[in-house]
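The values are calculated or read from the model by the stated rules, or taken from the named source; none is laboratory data. Treat the numbers as computed from the prediction; the structure is a model and nothing was measured. Because the Cβ atoms are built from the backbone with ideal geometry, glycine has one as well, and the counts that use them run over all protein chains shown. Heads up: the accessible areas ignore ligands, DNA and RNA and are worked out on the full protein's heavy atoms, side chains in. Shrake-Rupley method; radii C 1.70, N 1.55, O 1.52, S 1.80 Å.
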Amino acid sequence: MPRLELDGQVASAQPGETVLAALLRAGVQVGNSCRVGACQSCLLRATAGTPDLRGQQGLKDTLRTRGYFLSCITPAETDLVMTAADGDGLRVTATLCESSLLSDSVLRLRLQPEHELPYRAGQFINILRDDGLTRSYSLASVPGLDAYLELHVRLVPNGRMSGWLKTLPIGQKLSLRGPAGECFYVAGRPEQPLLLLGSG
């Protein structure tokens with residue numbers, strides 16, 4: 001069985017498991033949310049061994065070259081020594097500067113990151129709690145115009161993240177990772193048609 005080591009914690013993978021599934025089964029905490037490779041909250045970096053290329057799809061070349069991979073879609077078929085991506089400068093601290101209800105089911109948060117966080121309209125960030133719970137939220141602020149990051153959080157009944165976010169005091173520090181996502185307009189191609197869908 002392949003041996004997986006994450007920051008000193010060891011797990012053995014069973015046939016057909018992903019790296020994430022094997023680590024979670026062994027009680028190793030790894031941030032995760034979508035489990036299909038979209039949100040990038042399960043990003044890890046291999047320091048020894050080579051992760052399966054399937055786990056690097058959708059990542060920037062700069063991340064792939066440095067050994068990053070998405071543990072939720074990476075088959076656990078070889079020995080790997082890994083570290084959490086947060087230790088490599090990908091995590092940003094932000095301060096909650098405003099929290100208000102836009103409706104009974106939508107909470108508006110405005111966050112001030114500790115340093116500039118360049119992003120494009122259409123990208124998202126991940127909020128990471130200390131216990132490993134991670135959720136992805138689209139950015140509703142305007143890049144280059146708003147001095148803060150604005151998020152519109154759907155309040156889910158008994159939601160672990162949305163319920164927690166609703167109770168946070170102004171001034172609370174939050175851990176973010178991102179921005180991520182490739183769904184944004186690229187300038188210089190005026191002839192390219194756009195198909196815009198709102199799924200609600």
- Item | Selection count where residues are assigned to a strand (DSSP E or B), open to solvent by less than 50 Å² (accessible area, probe 1.4 Å) and in contact with a Cys (Cβ under 9 Å, 6 or more places away or on another chain), scope segment 111-149 | 5
- Output the number of the condition that residue 99 fails; it satisfies all remaining conditions of (1) within 28 Å of residue 164 (Cα to Cα); (2) open to solvent by 60 Å² or more (accessible area, probe 1.4 Å); (3) not in a loop (DSSP other than H, G, I, E, B); (4) not charged (D, E, K, R). (2)
- residue 28 passes all but one of the listed conditions (1) open to solvent by less than 40 Å² (accessible area, probe 1.4 Å); (2) in a loop (DSSP other than H, G, I, E, B); (3) under 18 Å from residue 176 (Cα atoms); the exception is number (3)
- Could you say whether any residue in segment 184-198 is within 19 Å of the chain's Cα centre (by Cα), open to solvent by 80 Å² or more (accessible area, probe 1.4 Å) and not β-branched (Val, Ile, Thr)? no
- Message: Just to be sure before I move on: is residue 9 in contact with a Phe, Trp or Tyr (Cβ under 6 Å, 6 or more places away or on another chain) and without any contact (Cβ under 8 Å) to a residue 60 or more places away in the chain in the structure I sent?
- Response: no
- Message: Among the residues of segment 150-200, what is the count of those that are free of Cβ contacts under 8 Å to residues at least 40 places away in the same chain, part of a loop (DSSP other than H, G, I, E, B) and among the small types (Gly, Ala, Ser)?
- Response: 6
- With respect to residue 153, determine if the residue is over 16 Å from the mean Cα position of the chain (by Cα) and aliphatic (A, V, I, L, M). no
- Query: If only one of 64, 35 is within 22 Å of residue 136 (Cα to Cα), in a helix (DSSP H, G or I), modelled with pLDDT of 85 or more and open to solvent by 60 Å² or more (accessible area, probe 1.4 Å), which one is it?
  - Reply: 64
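Restricting attention to segment 67-87, which residues are closer than 19 Å to residue 39 by Cα and open to solvent by 60 Å² or more (accessible area, probe 1.4 Å)?
If the condition is that a residue be closer than 19 Å to residue 39 by Cα and open to solvent by 60 Å² or more (accessible area, probe 1.4 Å), then 87 is the only one that fits.
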